[in-house]
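Only one structure is covered here, and it is reproduced in the block below.
The values are calculated or read from the model by the stated rules, or taken from the named source; none is laboratory data. Keep in mind that what you see is a predicted model, and the values were worked out from it rather than measured. Glycine gets a Cβ as well: all are built from the backbone with ideal geometry, and neighbour counts include every protein chain shown. These area figures cover heavy atoms from the full protein model, side chains too; ligands, DNA and RNA do not enter into them. Shrake-Rupley method; radii C 1.70, N 1.55, O 1.52, S 1.80 Å.
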Amino acid sequence: MLAVDDTPANLRALEVLMADLGANVITAASGDEALRLLLEREFALILLDVQMPGMDGYDTASLIRMRERTRHIPIIYITAFNRSEVNVSRGYELGAVDYLFKPIVPEILRTKVSVFLELHRKKEEVRRQEALLRQAESRAHAQQLAEARAHYERSLLQQEVERERKVSEAREQRAQELAKLVQEKEQAQAELSAVAREREQLILALREADRRKDEFLAMLAHELRNPLAPVRHALEVFQLRAPQDEILQRAFASADRQVSHMTRLVDDLLDVSRITRGKVEIRPRLVTFKEIVDGAIQACDPFIQQRHHTLTVSLPEEPLILNVDSTRMTQVVANLLHNAAKYTPSGGRIELTARRDNADLVLSVRDNGVGLRPEMLQRVFDLFVQVDPGSDRAQGGLGLGLTLVRSLVEMHGGRVSAHSSGLSQGSEFIVRLPLPAEATAPLALPNMLKSAASNGLSLRPLNILLVEDNPDIRETLRDLLELHGHHVAEASDGRAAVELVLSQRPQVALVDIGLPELDGYQVAELVRASAGGADTRLVALTGYGHPEDRKRALAAGFDAHLVKPVSSEDLSQVLKRLCNAA
């Protein structure tokens, strides 16, 4: 049997399929090679690929039929074209006995090949018997032999035709089954494609919603920072103007703490995605643990009183100094107290104790509330996990408090664990935090404004241009700067700012970004492009606090970037750095 195909893999596949049929499979990679092999030997069957480079299957078959010795060899065409695309009539005109369409069904191929191989064997047997009869019998028997042979061939042909009919019927049935399977597969693929398209649309919608969320949070933070700025400036002005009134100082300090807390909450609006990924930035400083506990109790006391709980606090006599982010650590203690108050029935008992354990601070918050099941001792710190969803919904909450506790404690190098003897047995949460190796007591005045005031005194008076379109922010910040001894000029839009910088050449220009006519970035670019603005230090004062905003400001020519509401301490530090560098 001769197999002709320009693809080696197809030839190897045909050899494997024909291996057990008792046929010697000879392969050819082109029509020219096939013709050469036909000159050298005889073949019972030719499997001929239609689409080949150079001489295709039809041209090869035409040359085979032109030679007497090979014109009667059965040819089965193999093609990847479908029945509508291939020139079937041309193939049959050139002596094809059948067509097989790729992908080939192995059973059909083997059946067809075995039929023609068997036919060839029987023909060869007939020829052999004919030769013997011609040698043994006289010429008189030649006609009878021819008739017998013709009868035998007709009978054999009829048998083969019947067999082929049955094979064709079986093949047709199998083809129908395959067609049904293909149809079902195509339908399933279409459904999968529809699902994939819907999924892609949902992903795009989520990305767009996330982008809009980020834009909204950035704008919301900006709009919240702007009204906080004059509040902070006014508090600092009041404190500087009434330094001897202790009651007013306590009130100003309390208000300042709340402004600071509100500022941090606004900052968190821009870090929602980073909070869920545990990427909150911490700002450590030396602080007494008592100060943290006092702040947490102050935040939770209304809720504890509302639930009629008894809170007892036991702290060591020695002052414990921590190097932590005081706001975040206060949030940790407050969350633990709030959690204990929430899951303890009215009139319950809450105990907060702290002690030193070698180089660690050990904090314990214990209650006699609803307790925890054993399987919840680890899961209680997971995101959105709630001990009792029904009761938690009544009290409010999303199951984030203990998750934030664990994240913030671990960010400070500590660890937290939960303990409970079971339901209705109360709970205890233990936090371990490392103590600094060497720690000095923090400033005796916890109010940062007094520190800022002292820092301001050491800064020589400067000529400052204040560029701000919001009159409340501009006026309160001007008063604060003047109280520190600076000379302040004002501008309310970008174009006037550029003119004042180039004409008055102030030492420092505090420039808002969102200005009318020219924004802060354009102001910086125009000033830096002029020789007269080279000596002025530009400070961006804005409600936009993303890292990208800082990079853009520095790229535009600003020397520093401050986020509203800025404290006098931060502003004084920046002014010192810029003026000393100058």
Rounded, prolate or oblate: which fits region 463-580 when a ≥ b ≥ c are the square roots of the eigenvalues of the alpha-carbon gyration tensor, with rounded for a/c under 1.5 and prolate only if a/b beats b/c?
rounded
With DSSP loop assignment and no more than 12 other C-beta atoms within 10 Å, the GluC sites (Glu not before Pro) in region 1-83 are Glu42, Glu68
I need the calculated FRET efficiency for the pair Gln306 and Asp245, taking r as the beta carbon distance and R₀ as 22 Å, to the nearest 0.05.
0.10
How many Å² of accessible area per residue for region 2-104, probe 1.4 Å?
50
Return the FRET efficiency for the residue pair Ser155, Leu132: r is the Cβ-Cβ distance, R0 is 25 Å, and the value is rounded to the nearest 0.05.
0.80
Of every hundred units of 1.4 Å-probe accessible area on region 2-104, the number belonging to carbon and sulfur atoms, as a percent, is 52
Which entries in the list Lys102/Lys166; Lys102/Lys122; Lys342/Lys564; Lys122/Lys166 go over 28 Å, if you measure between the two C-alpha atoms of each?
Lys102/Lys122; Lys342/Lys564
Paramagnetic reach from His546 (point 7 Å along Cα→Cβ, amide N under 20 Å) across region 483-512
512
7 Å from Cα along Cα→Cβ at both Leu315 and Val88: what's the point-to-point distance in nm?
9.5
Average accessible area per residue (Å²) across region 463-580 - probe 1.4 Å, nucleic acids and ligands excluded
42
Taking a ≥ b ≥ c as the square roots of the Cα gyration tensor eigenvalues, with a/c under 1.5 meaning rounded and otherwise prolate when a/b beats b/c, else oblate, which class fits region 2-104?
rounded
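Round to the nearest 0.05 the FRET efficiency obtained for Lys122 and Leu178 when R0 = 41 Å and r is the Cβ-Cβ distance. Show your work: numbers first, answer last.
Working: r = 32 Å, r/R0 = 0.78.
Once the sixth-power term is evaluated, E becomes 0.80.
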Accessible surface of region 463-580 [probe 1.4 Å, protein heavy atoms]: carbon and sulfur percent:
44
Within region 86-126, what residues put their amide N at less than 16 Å from the label point 7 Å along the Cα-to-Cβ vector of Gln51?
86-88, 100-104
